[in-house]
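S.K.: Dropping a structure here in structure tokens format, bear with me for questions.
The values are calculated or read from the model by the stated rules, or taken from the named source; none is laboratory data. Owing to the predicted nature of the structure, the values given are computational and were not obtained by experimental measurement. Using ideal geometry, Cβ is built from the backbone for each residue, glycine included, and neighbour counts are taken over all protein chains shown.
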Amino acid sequence: MVDNSLIRLEGLRKWFPIRKGLRRKPSGYIKAVDDVSFDIKQRETLGLVGESGCGKTTIARCMLRAIEPTSGHVYYRKDGSFIDLTALEPDDLRNIRQEMRLIFQDPYSSLNPRMTVRNLIAEPLIVNGVARGAELELKVADLLQKVGLRPEYMRRYPHAFSGGQRQRIGIARALALDPNFVICDEPVSALDVSVQAQILNLLQDLQTEMGLTYLFISHDLGVIHHISDRIVVMYVGKVVELGYAESIFRRPTHPYSAALLSSAPVPNPELRSEKGQRAVLRGEVPDAGSPPSGCYFHPRCSHAQDKCRNEYPDLRSISNSGNGEHLVACHFAEQFSFKGVFDDFEAGGST
Ligand SMILES: Nc1ncnc2c1ncn2[C@@H]1O[C@H](COP(=O)(O)OP(=O)(O)OP(=O)(O)O)[C@@H](O)[C@H]1O
Ligand SMILES: [Mg+2]
């Protein structure tokens, strides 16, 4: 196990049974997450990308045991040794959950409209017996300041705030118990583009200040480029590419990653550099209940050959111009030289 990892997923699977009519026996399974393994290193931001339905949120929910994985393991490092969260009893799980928190996508629906900001932020502190009385009030005020809100706002209700401010309240709630690990599931996609960068910068400042490790889920590659140290690209429940963000943005090696990148709106299209092959993302995402044979991406891939139609490619290490580990699940990755968009995002200042 890599020494500096905080979390490790090993062969994680979540298959949802498909039941038709009154039959109790499932007629098949939606393989929402299928044999996913990766590490998250301490204090890094790991970006998780892929089209809608590829299993991003399901991974997050399995990691927090909000749903039970079908099989596989989620290891979390605590006091120097790794514990298997999938094997924990409810009491132990409750303690660990204080260290692993979630920031939701939608700051409108995730905050109870009948609770004041003070009560929203105090709730996790009270429920977990962390603080009360004057100490509690000080902690709430301190959290508000940390996320850039004035403590005078404490008596107000969520409706009095803008989308960006509500997300700041959501972040304060997630950070109240001083977690180590935070899953951000599309935390800025419901916000105006003008406030997205402010929230991303806040998350980055808080990460440095509090030593946080992030799993950052987004389908917006501009956001992922802005925030991630490393990236995991998923397609129909499986990891197809994993590596340093700069390396994947400069030189994607899986045709799916390349197509995703080249279809992303870049901040300043006039500055778009034109070197290398361009991959186009055509066709539809397959149904996770009945994926194609062989490589799941083959029907959409203009480079597909017979082997791709028959054999699912293993996720394997590939040497790449960038540094560090780079994994790809494509039989023919070495043969491609896809165009990256790193310089395009840098030139446009990204998000
Ligand atoms: N409770 C459930 N029962 C059955 N199928 C489910 C359930 N939850 C998710 N799925 C299916 O699992 C797959 C993965 O869903 P998931 O929500 O993890 O995708 P996602 O990558 O987060 O997508 P999005 O970008 O739209 O948020 C989808 O096919 C989805 O329909
Ligand atoms: Mg999701």
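S.K.: Quick one: which of 240, 233 is farther than 27 Å from residue 193 by Cβ, in contact with a helix residue (DSSP H, G or I) (Cβ under 7 Å, 6 or more places away or on another chain) and away from ligand 2 (no atom under 14 Å from the Cβ)?
M.R.: Being farther than 27 Å from residue 193 by Cβ, in contact with a helix residue (DSSP H, G or I) (Cβ under 7 Å, 6 or more places away or on another chain) and away from ligand 2 (no atom under 14 Å from the Cβ) holds for just one of 240, 233, which is 240.
S.K.: Is the range 164-184 home to any residue that is in the same structural domain as residue 77 (by TED's automatic domain parsing), among the charged types (D, E, K, R), within 17 Å of residue 108 (Cβ to Cβ) and in contact with a helix residue (DSSP H, G or I) (Cβ under 6 Å, 6 or more places away or on another chain)?
M.R.: no
S.K.: Would you confirm, using the coordinates I've provided, whether residue 105 is in contact (Cβ under 8 Å) with a residue 12 or more places away in the chain, within 17 Å of the chain's Cα centre (by Cα) and not in a loop (DSSP other than H, G, I, E, B)?
M.R.: Answer is no for this residue.
S.K.: Consider residue 115 carefully, then state whether it is farther than 27 Å from residue 329 by Cα, more than 16 Å from ligand 1 (Cβ to nearest atom) and in contact (Cβ under 8 Å) with a residue 60 or more places away in the chain.
M.R.: Taking the combined requirement at face value, the residue does not satisfy it.
S.K.: Would it be correct to say that residue 283 is closer than 30 Å to residue 27 by Cα and either modelled with pLDDT under 95 or part of a loop (DSSP other than H, G, I, E, B) (or both)?
M.R.: Against the criterion (closer than 30 Å to residue 27 by Cα and either modelled with pLDDT under 95 or part of a loop (DSSP other than H, G, I, E, B) (or both)), residue 283 qualifies.
S.K.: Of the conditions (1) surrounded by fewer than 24 Cβ atoms within 10 Å (Cβ to Cβ); (2) more than 15 Å from the chain's Cα centre (by Cα); (3) at negative phi; (4) away from ligand 2 (no atom under 16 Å from the Cβ), residue 249 clears all except one; give me its number.
M.R.: (1)
S.K.: If a residue has to be in a strand (DSSP E or B) and either crowded, with 17+ Cβ neighbours inside 10 Å or modelled with pLDDT of 95 or more (or both) to count, how many in the range 18-45 make the cut?
M.R.: Of the residues in the range 18-45, 14 are in a strand (DSSP E or B) and either crowded, with 17+ Cβ neighbours inside 10 Å or modelled with pLDDT of 95 or more (or both).
Yes or no, residue by residue, for (1) farther than 30 Å from residue 285 by Cβ; (2) away from ligand 1 (no atom under 16 Å from the Cβ):
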{"site": "36", "(1), (2)": "no, no"}
{"site": "80", "(1), (2)": "yes, yes"}
{"site": "88", "(1), (2)": "yes, yes"}
{"site": "95", "(1), (2)": "yes, yes"}
{"site": "99", "(1), (2)": "yes, yes"}
{"site": "108", "(1), (2)": "no, yes"}
